[in-house]
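Here's the structure we're looking at; comments come further down.
The values are calculated or read from the model by the stated rules, or taken from the named source; none is laboratory data. Computed from a predicted structure; not experimentally measured. Ideal geometry is used to build each Cβ from the backbone, glycine not excepted, and the neighbour counts take in all protein chains shown. Only protein heavy atoms, including side chains, enter the accessible area calculation; ligands, DNA and RNA are left aside. Shrake-Rupley method; radii C 1.70, N 1.55, O 1.52, S 1.80 Å.
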Amino acid sequence: SWTAKIRFLLYQYRLPLALQLVKHPPPKRKWLDMVKNAITTYWDDRLRQEARAKRTLRYLSVNICSTKYSHPIWESGSDPFQSHMATVKAMMLVNRYPLSGLKCAGQKQLPRCPHCGQEKEDLEHFLLKCPAYMEQREKYLNLLQEKLPYLNINQMCQEEKMRTILDPSYTVRDDEDLGVAEQVTRKMCFTLHHMKLIEEGAGSRYGWISWRVRGSRSSGNCRV
């Protein structure tokens with residue numbers, strides 16, 4: 001019934017009982033704020049709870065996830081190219097970036113990395129180990145260490161490095177440093193992605209960036 005539904009919703013969002021509200025009705029503005037905060041808190045808690053249970057979100061800093069604002073990875077301004085770079089990094093963050101060692105996005109699984117042949121091409125291998133991308137990888141990691149010396153990126157274990165690259169909110173100290181770290185790591189992820197496209201012939205599954213890469217290759221002027 002309607003009354004049962006109301007009772008359930010008040011209980012779900014931890015709001016006062018219906019009888020209390022009838023006897024002591026709060027002011028309209030106060031009631032609206034109370035309901036809004038209760039609903040936001042409930043769904044934020046549920047979002048974080050479900051995110052912690054998913055293996056694919058192991059590198060995501062769950063504590064900063066909220067329905068009230070977007071993740072720092074999307075704070076790239078209005079530049080469409082920056083947004084595309086953020087999209088590539090977001091695919092890596094949620095473990096949906098197509099690699100030959102992962103069964104996702106229609107990608108055929110291979111026992112070894114097609115670029116170095118040393119081990120399975122998973123996300124950790126792609127971002128930290130594959131020698132095919134060593135030069136660009138070291139360039140951006142050194143740049144990150146230069147801009148944020150307290151991180152001690154070279155002293156981190158593999159897990160800490162992955163979290164710092166994919167979601168710097170794990171390790172940075174304030175919002176300003178988070179912006180710097182996001183800018184550097186976003187460029188790093190996209191540069192490796194760009195190099196992978198070139199080596200694989202720039203497949204069409206990556207959208208408009210594919211024809212940009214193909215056009216650059218045909219003109220002999222491929223830039224990141």
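Would it be correct to say that ARG137 is open to solvent by 60 Å² or more (accessible area, probe 1.4 Å) and of a type outside the set (A, V, I, L, M)? The answer is no for ARG137.
Residues of segment 170-182 that are assigned to a helix (DSSP H, G or I) and either over 13 Å from the mean Cα position of the chain (by Cα) or surrounded by 19 or more Cβ atoms within 10 Å (Cβ to Cβ) (or both): ASP175, GLU176, ASP177, LEU178, GLY179, VAL180, ALA181, GLU182. Looking only at segment 45-75, count how many residues are touching an Asp or Glu at 6+ places or on another chain (Cβ under 9 Å), β-branched (Val, Ile, Thr) and closer than 15 Å to ASP167 by Cα. So the count comes out to 2. Whether a residue is part of a helix (DSSP H, G or I) and over 20 Å from the mean Cα position of the chain (by Cα) was assessed, and LEU143 passes this test.
Considering segment 1-89, the qualifying helices (runs of 4 or more DSSP H), each wholly inside and each with 3 or more residues that are open to solvent by less than 50 Å² (accessible area, probe 1.4 Å) and of a type in the set (A, V, I, L, M, F, W, C), run over 28-52. State yes or no: is GLU124 part of a helix (DSSP H, G or I), within 21 Å of TYR59 (Cα to Cα) and not hydrophobic (A, V, I, L, M, F, W, C)? In short, yes.
Annotation note: of LEU166, LEU110, the sole residue that is open to solvent by 60 Å² or more (accessible area, probe 1.4 Å) and under 20 Å from LEU197 (Cβ atoms) is LEU110.
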